[in-house]
1. Select from segment 14-33 the residues that are assigned to a helix (DSSP H, G or I), within 13 Å of the ligand (Cβ to nearest atom) and farther than 15 Å from ILE85 by Cβ and list them in ascending order.
2. Before we move on, is GLY195 within 11 Å of the ligand (Cβ to nearest atom), under 28 Å from ALA127 (Cα atoms) and modelled with pLDDT under 95?
3. Suppose we filter segment 206-228 for residues that are over 17 Å from TYR264 (Cα atoms) and not small (Gly, Ala, Ser); how many remain?
4. Give the residues of segment 172-192 that are within 13 Å of the ligand (Cβ to nearest atom) and open to solvent by 10 Å² or more (accessible area, probe 1.4 Å), sorted by residue number.
5. Among the residues of segment 215-230, what is the count of those that are over 24 Å from the mean Cα position of the chain (by Cα) and open to solvent by less than 20 Å² (accessible area, probe 1.4 Å)?
6. If you go through segment 1-28 one residue at a time, how many are over 20 Å from LYS70 (Cβ atoms) and either open to solvent by less than 10 Å² (accessible area, probe 1.4 Å) or modelled with pLDDT of 60 or more (or both)?
7. In segment 135-163, which residues are modelled with pLDDT under 95 and more than 8 Å from the ligand (Cβ to nearest atom)?
8. Between LEU244, LEU260, LEU251, which is closer than 19 Å to LYS232 by Cα, surrounded by 14 or more Cβ atoms within 10 Å (Cβ to Cβ) and of a type outside the set (Ser, Thr, Tyr)?
Amino acid sequence: MTDAVQTPSSAGQFTKRVFSGIKPSGGLTLGNYLGAIKRFVDMQSPEFETVYCVVDLHAITVWQDPSELKTATREVAAGYLASGIDPTKSILFNQSQVSQHAELGWIFNCVTRVGWMNRMTQFKDKAGANSENVSLGLYAYPSLMAADILLYHATHVPVGDDQKQHVELTRDIASKFNHDFKADFFPLCEPVIEGPAMRIMNLRDGTKKMSKSGESDMERINMTDDADKIAKKFKKAKTDPEALPETLEGLKGRPEARNLIDIYAALSDQTSEAVIKEYAGAGWGRFKPALADLAVDKLAPISTEMSRYMDDPAEIDRILADGAARARAIAAPILDKTYEIVGLLK
Ligand code: TRP
């Protein structure tokens, strides 16, 4: 049974396996697409085995309306699929269908130290002054995230900058487990982090991250926005009166301008340097329509495809169930071996 489980001593000896996840809480934005999904699609290659998850157990660390949670879970799955995650190349599933995540999460709750959790900056940001009143699950969230990754012996974890600390914690949990049980079992995974340029900012305030929960719909691009909406939002995006400079340094102190250049770069697979060079001296009257056209070109087909999937929830459910079965086939022997190492009687 456990023969299928790899037990070499460093990540280098493992099959290269990618794991990442997106929470189904609210809708998907351009930030999710450029910062996560697009990169997940690019990693689908013969070099890697790719496992992508809709992390519904993470979403419920804050209260979710049950029927909206189901819709949001399908919407994230539709977003993955419409963007090019191919269920024949990748394993795509929702976390709660593979119960081993929760089981390994518990074991890791017993490995992780409270002091480590207290250093998690995202928890401090999210809980804020309300830290006595948030769920215990929100506090333990990074330990479940470690379980997500290590349940597959994943070696590469593409995440945004804000998740780097959680991936480092995952390495600490793997090391402590290996040390405590004198078992060379869990690999030390690598975060795969794109530069800060990948932080997509709010279209009305370039100092704030583009979020799905902001008050005005004009401040974000939703992955479900149609061509007209996408064009309108970019044309109305906040800018400043100046023309574009010749270099990126010239954008210092102009966060909205910088954000639009970065978005153009990410959508066209170029560096921001190349974009500013091309548009040096251009006014917004030239740059904004170009950006709107590019965005419509790249994003409208995805939103059309997403709504096609959303019209066929049974098809999404079938893909997720199939992915869950394939995920379980990897996860179950790894959890069995973990139980054996810990001394849990079967
Ligand atoms: N915590 C991640 C986020 O908020 C989502 C996530 C959960 C995740 N489990 C993961 C990401 C495992 C990468 C790997 O974005």
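1. If the condition is that a residue be assigned to a helix (DSSP H, G or I), within 13 Å of the ligand (Cβ to nearest atom) and farther than 15 Å from ILE85 by Cβ, then GLY31 is the only one that fits.
2. No.
3. The number of residues fulfilling the criteria is 10.
4. Scanning segment 172-192 gives GLU190, PRO191, VAL192.
5. Here the count works out to 0.
6. Number of matching residues: 7.
7. ASP161
8. Sole residue among the options that is closer than 19 Å to LYS232 by Cα, surrounded by 14 or more Cβ atoms within 10 Å (Cβ to Cβ) and of a type outside the set (Ser, Thr, Tyr): LEU260.
The values are calculated or read from the model by the stated rules, or taken from the named source; none is laboratory data. All values reported here derive from a predicted model rather than from experimental measurement. Heads up, the Cβs are rebuilt from the backbone with ideal geometry, glycines too, and the neighbour counts pull from every protein chain shown. Protein only, heavy atoms only, side chains kept; ligands, DNA and RNA dropped before computing areas. Shrake-Rupley method; radii C 1.70, N 1.55, O 1.52, S 1.80 Å.
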